1. Once you charge only the Cβ atoms, +1 for Lys and Arg and -1 for Asp and Glu, what is the size of the charge dipole of the chain about its Cα centre, to the nearest 20 debye?
2. If the elastic network links every pair of Cα atoms under 10 Å, which of SER144, SER240, SER316 fluctuates the most in the Gaussian network model of the chain?
3. Consider a paramagnetic label point 7 Å from the Cα of GLN95 along Cα→Cβ; state which residues of segment 111-144 have an amide N under 17 Å from it.
4. Quick one: compute the contact order of the chain, relative version, from alpha carbon pairs under 8 angstrom and 6+ residues apart, as a percent.
5. Counting only other residues whose beta carbon sits under 14 Å from that of LEU348, what net charge do I get with K and R as +1, D and E as -1?
6. Based on DSSP, what percent of beta bridges with both residues in the chain are antiparallel, to the nearest 5?
7. Testing the spin-label approximation: label points 7 Å from Cα along Cα→Cβ at PHE364 and LEU42. State their distance in nm.
8. Counting only the backbone N, which residues of segment 337-377 are under 20 Å from the spot 7 Å out from the Cα of LEU126 toward its beta-carbon?
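Just so it is clear, none of the values below were taken in a lab; they were calculated from the coordinates. Because the structure is a prediction, the values reported are computed rather than measured. Cβ atoms come from the backbone with ideal geometry, glycine included; neighbour counts cover every protein chain shown.
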Amino acid sequence: MSFILFIAAVIGLNVYDWWKLKRAFLQGHAIGAAVLLIFILLLLLGPAWMRPLFSRGNQPRFLVQACWIWLAWSFWMFVALIACDLWNVGLLLWQMYVRPAGTVQWMLGPQGCVWVAIGFVVFGTLWGLVEANAIRIHRVEIVSPKVPETANGFKLALLTDVHLGPAATQGKLDKVLRMVAEASPDLVLSAGDLIDGSQERELKLSEQLATLAPPFGKIAVYGNHDVYSGLDYSRKCHASAGFQLLENQSAQPVDWLWIYGEKDPASGWHPGYKGEKEVLGGLQAPEGVFRLLLKHRPDAPKGEGAPFDLQLSGHSHGGQIFPFNFLVRLQYKYKEGRLHTLPGGMKLYVSPGTGVWGPPFRLFARPEITLFVFHKE
């Protein structure tokens, strides 16, 4: 149902954009309006018409990117046009009830609204490209009595939502690899969505992650896009990248640190899986160790007595493109980039992600590699 609502909303905002463009520039030009509508629908419905033309995973990258870029542009245009409409309504109400002189001259006509929208799209595109490549190292200090003296300063690097797919570039991957290597982490984790495609290109990109060789290894969990790429293919890519993939399993890379990796719901529960509450509530971690939950989606665990000190998640991208972050906040209440303390004392950190999904932009949602530094309390 949520997917159907999403598709309906996307179609609706595109039709609204088309209607506004038609009013501004194509009044009385039926053929031009029809051509514009067909062009918009071709971009909007790209995944549908490309599927019968190209085999699975072999759609031309430039066509895929054009469709995703249009999704961002149409969203930004819709937001700006709505803002212009609200501006006009506000001025009209002001004139009706307060009646100041000269209010009408500040109202925007059809063409004025469209030019404001185009300006916002241009700004979002230019700044979005810059910000998507402005990856930073965000350092977070973790203090716990469960960290031994010998582990003071232990560094854990978290990658999430790298999205090795059509939007990923070699330059950006090289930058991520260089930044992680320079941070010299003892352990690297991936909180899902490492892969976002099933072409040979994605496999070759994932193989380059094998150059990262922290002393205590690399551990990952599935995200929903890893699942969409196919479980077998995702397992192959994670293995080629050198990650130990946890599928509702635990690992203990060092004697004081225990990690449980939860499978994303998009993969379906494996035979005998009863659900998160039953499984997490029944886990038995070794006594006295620091217990970490690696989970793609930023929901707090539902298991009663779930034995964790820290949860690391991603998935939300911080909204990725403003103002989509406000919609994301309706579904996921924990803000990205902050270390939250939950009832019971468990910490939760939601990463804004390292890469991009779909359009190659980030607007007011800077990507990061999170470096957790552990200290004894």
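1. Charge dipole of the chain: 860 debye, to the nearest 20.
2. Largest GNM mean-square fluctuation: SER144.
3. 111-113, by backbone N distance to the label point.
4. About 21 percent, as a whole number.
5. My count for the surroundings of LEU348 gives +4.
6. 25
7. Taking the two extended label points, one gets 3.4 nm.
8. 360-366
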